[in-house]
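The values are calculated or read from the model by the stated rules, or taken from the named source; none is laboratory data. Here the structure is a predicted model, which is why all the values come from computation and not from measurement. Here Cβ is always computed from backbone atoms with ideal geometry, including for glycine, and neighbour counts include all displayed protein chains. Surface accessibility is based on the protein's heavy atoms, side chains included, excluding ligands, DNA and RNA. Shrake-Rupley method; radii C 1.70, N 1.55, O 1.52, S 1.80 Å.
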Number of protein chains: 2
Amino acid sequence: MNNINEKSTYHHGDLRETLLIVATKMLQESGIKEVSLRKLASRVGVSRTAPYHHFKDKNALLCGMAEKGFEQLHQINKCGYEDKELSIREHFYRFIHDYIQFAHNNPDLYELMFGRTIWKDKSSTQELRDSAYPCFQFQVAMTQEWQKKGLFNVDDNALRASQVLWGTVHGIAKLFIDGIYTDNSKIDEICDYAVSMFLTNAKQ
Amino acid sequence: MNNINEKSTYHHGDLRETLLIVATKMLQESGIKEVSLRKLASRVGVSRTAPYHHFKDKNALLCGMAEKGFEQLHQINKCGYEDKELSIREHFYRFIHDYIQFAHNNPDLYELMFGRTIWKDKSSTQELRDSAYPCFQFQVAMTQEWQKKGLFNVDDNALRASQVLWGTVHGIAKLFIDGIYTDNSKIDEICDYAVSMFLTNAKQ
DNA sequence: AACCAAAGTTGACACTGTCAAGTTAAGGTG
DNA sequence: CACCTTAACTTGACAGTGTCAACTTTGGTT
């Protein structure tokens, strides 16, 4: 393994993890189009096909990267929600802002996490689903709590409310990320407006 | 040209249009990944590089396809809005349903129209922008009208309202299209819920 | 009739993901 | 210690991609 004298370069030691890290770095640096197995391998200093001993194919590697993204996002949601000093409205406000900020800070990763590359055609790995579903469910749970406390004036259907809410943040995030909304300085303003559109008549 | 005896196969006659049509068909049949210039050319019965005389590169072809998509979508929006028999609430309802239905009926085309492939890195062609912007602007204009008539209880900022609204429909559409919301039978229900989340306290 | 520009062709290059077959070395067993 | 299984890694190969350069065909204009 990697001791000081870097002997024995044949076996890398922790190639799987290294691949994930470097691939994610490449993703952030130059976008998904620049992430190729060959470039990745060469950058890690290993032969073209070495990654195949750790990932079934390129798709599996991408799923692995997305997996970590969902853990991050889940963590962010949790942090905001568990801040006991905030009111309900503030929790709601923070969820929207934090979510879109995460997407904005990690555009290519976000794109990967929610893109059809990974989800369509049943190409998502079990591990990816195991990491993504809890993240989704947490959002539903939060919405349920907000709804119970009267934040939205609609039927008590937490799943539907959460789907619409998530749709909104996801949509705004994607329109920015994909370069359709181009004025990044307006992100916060749009988030504010979204909050007020949902909450104008909330009981609390 | 293509007369009955199909003489003179060397010059196709209307290759540009044919390429757009066949490429869009391929897109709908098997998804963006199956759309390659070489397969397209061979399917049209022309050599690999013939398309380059009508499109600068693959990106330009994709932009051309998206262009037509925006014309369609614009048309759909117009139709709904100009139906004089509907109330304002019904117009709003119809916009949301029609929009998401369009995306659902043309998932790969929608993906292409709004994906970063086309919009990021300044890779959108002028023609694409000329076809997309009026479509966007029409949505802003509709929102402005709705807002004037008191459909939303927030400041009279039509641009912001429209951005949030569009975010919502775009997000819901994408979550379905990309395979994250998987139960297609719930599309209408979610749309209904979205409508009610925005309108619970509208003046009209 | 001559010619030009547009449209279409073939050959080539660098790049991609992935498979098959061979090589290296680390770890457990006798 | 020697042995051997097996995971990790390598090289060679193949089919597929977008795109460029150089060539050929053709229709329309002068």
Next item on the list: May I ask you to say which residue of B:Ala132, B:Ala141, B:Ala158 is at the interface with chain A (Cβ under 9 Å from one of its Cβ atoms) and closer than 20 Å to B:Lys78 by Cβ?
Entry: B:Ala132
Next item on the list: Among residues belonging to the stretch B:16-68 that are within 14 Å of chain A (Cβ to nearest Cβ) and in contact with a Ser or Thr (Cβ under 6 Å, 6 or more places away or on another chain), point out the one that is nearest to DNA strand D (Cβ to nearest atom).
Entry: B:Asn59
Check: If only one of B:Lys78, B:Lys58, B:Lys68, B:Lys84 is within 14 Å of DNA strand C (Cβ to nearest atom) and closer than 30 Å to B:Gly167 by Cβ, which one is it?
Finding: B:Lys58
Margin query: Of everything in the stretch B:155-192, what is open to solvent by 10 Å² or more (accessible area, probe 1.4 Å), of a type outside the set (Asp, Glu), part of a helix (DSSP H, G or I) and closer than 24 Å to A:Leu151 by Cβ? Give them in sequence order.
Written below: B:Arg160, B:Gln163, B:Trp166, B:Lys186
Next item on the list: Might you check whether a residue that is away from every other protein chain (no Cβ under 11 Å) and modelled with pLDDT of 95 or more occurs anywhere in the stretch B:163-182?
Entry: no
Notebook entry, point to check: Mind checking which residues of the stretch B:45-63 are touching a helix residue (DSSP H, G or I) at 6+ places or on another chain (Cβ under 7 Å) and not β-branched (Val, Ile, Thr)?
Noted result: B:Ser47, B:Arg48, B:Ala50, B:Pro51, B:His54, B:Phe55, B:Lys58, B:Leu61, B:Leu62, B:Cys63
Margin query: If I ask for residues that are within 9 Å of chain A (Cβ to nearest Cβ) and open to solvent by less than 30 Å² (accessible area, probe 1.4 Å), which ones from the stretch B:193-204 would you list?
Written below: B:Tyr193, B:Ala194, B:Met197, B:Phe198
Next item on the list: Among the residues of the stretch B:120-147, write down those that are among the aromatic types (Phe, Trp, Tyr) and modelled with pLDDT under 95.
Entry: B:Trp146
Next item on the list: With respect to B:Ile76, determine if the residue is open to solvent by less than 50 Å² (accessible area, probe 1.4 Å) and more than 14 Å from chain A (Cβ to nearest Cβ).
Entry: no
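A quick yes/no check of all residues on (1) open to solvent by less than 70 Å² (accessible area, probe 1.4 Å); (2) at pLDDT below 95; (3) in contact with a Pro (Cβ under 6 Å, 6 or more places away or on another chain):
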position	(1), (2), (3)
B:Asn2	no, yes, no
B:Gly13	yes, yes, no
B:Glu29	no, no, no
B:Asn59	yes, no, no
Item checked: Selection status of B:His97, within 14 Å of another protein chain (Cβ to nearest Cβ) and either in a helix (DSSP H, G or I) or out of contact with any Pro (no Cβ under 7 Å at 6 or more places or on another chain) (or both) -> yes
Notebook entry, point to check: Does A:Cys79 qualify as being without any contact (Cβ under 8 Å) to a residue 24 or more places away in the chain and hydrophobic (A, V, I, L, M, F, W, C)?
Noted result: yes
